[in-house]
Amino acid sequence: TTRRAMAALEPIKVVITNFDEEAGKVGENGMTFEVQNSPTDASLGSHNVTLTGTIYIDSEDFKTEDDPNFYRLTPNKPVGVKYHGGNLICDEIVKDGDKIKMLKCRLDSSEGRPKPKSYITWVPSDGIKCEVRVYGHLFTQPEPSDRWEEELNSESEVIHSNAIIDPSVLELVDKKDVNEWKSNQALQFERLGYFVVDTDTTFDSTTREGKLVFNRTVSLKEDKTVKKVSSHEEEQQRKRVEQQRAIAAARDIMMTIDPKDLFKLAPEYKDKYSKFDDTGLPTHLADGTELTKSAKKKLEKERAKHAKKFAKNKK
């Protein structure tokens, strides 16, 4: 079972405007929460996470406008704060041009607060900066067709260079433990997937200097780059795949035909010619018409091409 942690791949800074007031209600250490390392195996122990006055949430957990199908944070619509249990309410969006610079939010831990539809993860202000590499499907289609170059997924590798992870993993991700000949530390980033420390890591846990790099190994979310296809598109894909298989089968057959028998046995030339010279080159069409010199020359070129492929296949 993999140790879990909270992370934000594209972090948004959140300033909790009433943090001191809320922290005062619970007293010392009241904003520190014990988290099981595994939600299903208590024997793996636990770690602590501390909610701070400034936290970071993932950009996918926030929308500037309300959406009835979006159950995370939007202005004036509360969302639950994982492990804390209270609600987070966004009162103000601070922008730098079109880019969100920060959110000003407040905590609501009152007894009569609305029940949130979901809870979001967060990273405290002392989180560890890292680079996260997310690898997806190479193609946008479940089964690439003969037009595979058009179906290449431009997002098959996405690098999140400003990601941040909660500091509870500090002791687990030091460069001294990274080895290219063994499996390195694996972590489950809650709600995001499973990740492993990459060998490019130079992070020193004592100084918190150097680069910390993770690669995603398994996603917990559906890959949006793979398109859902209609029944018509599915049928078209099936036909293309069948056509490709037929072409491949014909190619295999061709590789069994000796160049001297090409025009006698190859399916594409079947019953096309009636007479041949001593080398197997056609001299007459099926109706008895004698081939011109240019036609014979063209066939010689075709046979020479086939001879090269045939010889290469025999190696």
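For SER110, project a label point 7 Å along Cα to C-beta. Then give me every residue of the stretch 38-63 with its amide nitrogen under 15 Å of that point.
Under cut-off, by backbone N: nothing.
Around ASP67, with a cut-off of 14 angstrom between Cβ atoms, what is the net charge of the other residues, counting Lys and Arg +1 and Asp and Glu -1? Working shown, then result.
Working: positive: LYS63, ARG72, LYS77, LYS117; negative: GLU60, ASP61, GLU65, ASP66.
Residues near ASP67 contribute 0 overall.
The chain: D in µm²/s via Stokes-Einstein (Kirkwood Rh, Cα pairs, 37 °C, 0.692 mPa s)?
Working: Rh = 25.0 Å.
Translational D for this selection: 131 µm²/s.
Which ³J(HN,Hα) values in Hz, rounded to whole numbers, follow from the phi angles of the stretch 77-93 under the Karplus curve 6.51 cos²θ - 1.76 cosθ + 1.60, where θ = phi - 60° and Gly and Pro get x?
Rounded to whole hertz, the list is 10, x, 9, x, 9, 4, 6, 6, x, x, 9, 10, 10, 8, 9, 8, 10.
For the pair LYS176 and SER161, how long in nm is the line joining their label points, each one 7 Å along Cα→Cβ?
Simple spin-label model gives 3.0 nm for this pair.
Relative contact order of the chain, please, whole-number percent, based on alpha carbon pairs below 8 angstrom and at least 6 residues apart. All intermediate terms of the calculation are to be shown ahead of the outcome.
Details: 568 pairs, mean separation 45.5, N = 315.
After rounding, I find 14 percent.
By its C-alpha gyration tensor, with a ≥ b ≥ c as the square roots of the eigenvalues, how is the stretch 1-62 shaped: rounded for a/c under 1.5, else prolate for a/b larger than b/c, else oblate? Don't skip to the end; give the middle numbers.
On the way: a/c = 3.73, a/b = 1.27, b/c = 2.93.
Verdict is oblate for the stretch 1-62.
Give, rounded to the nearest 20 debye, the magnitude of the charge dipole that the chain has about its Cα centre when Lys and Arg contribute +1 at Cβ and Asp and Glu contribute -1 at Cβ. Let's see the in-between values first.
Details: 52 positive and 55 negative charges, 384 e Å.
Computed about the Cα centre, the dipole is about 1840 debye.
Would you compute, for the Cα atoms of the stretch 1-134, the largest minus smallest coordinate along each principal axis and list the three values in descending order, in whole Å?
The Cα atoms of the stretch 1-134 stretch 46, 40, 29 Å along the principal axes, largest first.
In the structure displayed, which of LYS239/LYS314; LYS239/LYS301; LYS272/LYS315; LYS270/LYS315; LYS239/LYS308; LYS63/LYS129 lie more than 29 Å apart, Cα to Cα? Before the final figure, lay out the partial values.
Numbers: LYS239/LYS314 31 Å; LYS239/LYS301 32 Å; LYS272/LYS315 31 Å; LYS270/LYS315 27 Å; LYS239/LYS308 31 Å; LYS63/LYS129 23 Å.
Over 29 Å Cα-Cα: LYS239/LYS314; LYS239/LYS301; LYS272/LYS315; LYS239/LYS308.
FYI, it's all coordinate maths here, none of it is from the lab. Values in this document were obtained by computation on a predicted structure and should not be read as measured data. Positions of Cβ are generated from backbone atoms using ideal geometry, with glycine treated the same way; all protein chains shown enter the neighbour counts.
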